[in-house]
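Here's the structure we're looking at; comments come further down.
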Amino acid sequence: MNINIKILSATVGICAISVSLIGQAFADADNDKLVVDGKVITTQAKAPADSELEKLYSGWRFRADETQSLQMDDFENPAFVAVDQAEDQFAMVEGKAGKSCADCHSDVTDFKGLRATLPRWNEAKGKPETLEHIINECRTDRMEAKAWKWEAPEMLGMTALIGLQSRGMPVAVKSDGPMQSVWKKGKDLYYTRVGQLDMSCASCHENNYGKMIRADHLSQGQINGFPVYRLKWGGLGSIHRRFKGCMQNIRAKPYKRGSDEFVALETYLATRGNGLSVETPAVRN
């Protein structure tokens, strides 16, 4: 009986998503312009020659006017509560070394441009690194403090604060050299169908972006705004939290935050958005 219920539930889910995707007319991104503090943020870019997309659009372009307006004003942007807290954290002495972030980095603006290049290859460790890896390496190796968990409020606030320093700069993540194998793994994951619903990332964000599904407007799945404040979450969330949520939605077993698989997927998606502006911290539904 329980098995039959699960099978029926999965079938209903597949049908609901299929009807939603097929029945809705395609709606391209809107023509609104994202301007923050007088600076125009690039939300549309030419897709590279090898891209399956014709144009690149930020997820901001698919949001309702009310949601868009929150990101256009730092005072209204709910993510800035965490950013303000991170500024205090930046100056806080922690760990056995008796240091703070500010002891090595006199000003957070030292990180300008960093967010736009991540993930990147760490030659010393022989593997790719994300912003979360860089922060925790500073904490454990230099401050001799405990590492933060991937989704800890402190980590989310600090990634938002550091990412903010690159806002408006074009995403420019490398996919050549030692990152090539990581990028390839991420691409394979992006196009592999998984879960009870037998769907891939591309099923929604490449083949059906612009359509409505479960009362949400599907975007291209660009990650140039993370960490983002999602109204659904009621707070900031990482790129890997969004990956996990998507996998759960299609009833697949998600990888862990910080896993090699999610780092590879983050790498591939970041390169798909090369040319769009960093929007951190963005606001989404």
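The values are calculated or read from the model by the stated rules, or taken from the named source; none is laboratory data. Just so we're clear, the structure is a prediction, and the values are computed from it rather than from any experiment. Virtual Cβ from ideal backbone geometry, glycine too; neighbours counted across all protein chains shown.
Structure notes:
- Every condition in (1) touching a residue at least 12 places away in the same chain (Cβ under 8 Å); (2) out of contact with any Leu (no Cβ under 7 Å at 6 or more places or on another chain) holds for A79 except the one numbered (2).
- Residues in segment 135-171 that are β-branched (V, I, T) and more than 15 Å from the chain's Cα centre (by Cα): I135, T140.
- Look at segment 83-98: where a residue is outside the structural domain of Q71 (by TED's automatic domain parsing) and a partner is acidic (D, E) and not in a loop (DSSP other than H, G, I, E, B), sitting 6+ places away or on another chain with Cβ atoms under 7 Å, you get Q89/E154.
- The residues of segment 125-146 that are part of a helix (DSSP H, G or I) and either modelled with pLDDT under 95 or touching a Lys or Arg at 6+ places or on another chain (Cβ under 8 Å) (or both), listed by number, are L131, R139, T140, R142.
- With respect to (1) surrounded by fewer than 22 Cβ atoms within 10 Å (Cβ to Cβ); (2) part of a helix (DSSP H, G or I), the lone exception for E266 is condition (1).
- Residue ID - surrounded by the most Cβ atoms within 10 Å (Cβ to Cβ), chosen from residues in segment 236-256 that are outside any helix (DSSP H, G or I) and under 12 Å from the mean Cα position of the chain (by Cα): S238
- Every condition in (1) over 23 Å from P48 (Cβ atoms); (2) crowded, with 21+ Cβ neighbours inside 10 Å is met by L276 except one, and the failing one is (1).
- Every residue from segment 189-221 that is charged (D, E, K, R) and modelled with pLDDT of 95 or more: R193, D198, E206
- Consider segment 32-53 and keep the residues that are in contact with a strand residue (DSSP E or B) (Cβ under 9 Å, 6 or more places away or on another chain) and part of a loop (DSSP other than H, G, I, E, B). The one that is modelled with the lowest pLDDT is P48.
For (1) over 24 Å from E54 (Cα atoms); (2) in contact (Cβ under 8 Å) with a residue 60 or more places away in the chain; (3) surrounded by 17 or more Cβ atoms within 10 Å (Cβ to Cβ), each residue gets a yes or a no:
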| position | (1), (2), (3) |
| --- | --- |
| L131 | yes, no, yes |
| T140 | yes, no, no |
| A147 | yes, no, no |
| G157 | yes, yes, yes |
| W183 | no, yes, yes |
| K211 | no, yes, yes |
| D216 | no, yes, no |
| S219 | no, yes, yes |
| N224 | no, yes, yes |
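- Some residue of segment 181-188 being more than 18 Å from the chain's Cα centre (by Cα), part of a loop (DSSP other than H, G, I, E, B) and modelled with pLDDT of 95 or more: no
- Hits in segment 69-115 (condition: within 24 Å of the chain's Cα centre (by Cα), surrounded by 13 or more Cβ atoms within 10 Å (Cβ to Cβ), part of a loop (DSSP other than H, G, I, E, B) and hydrophobic (A, V, I, L, M, F, W, C)): M72, A79, L114
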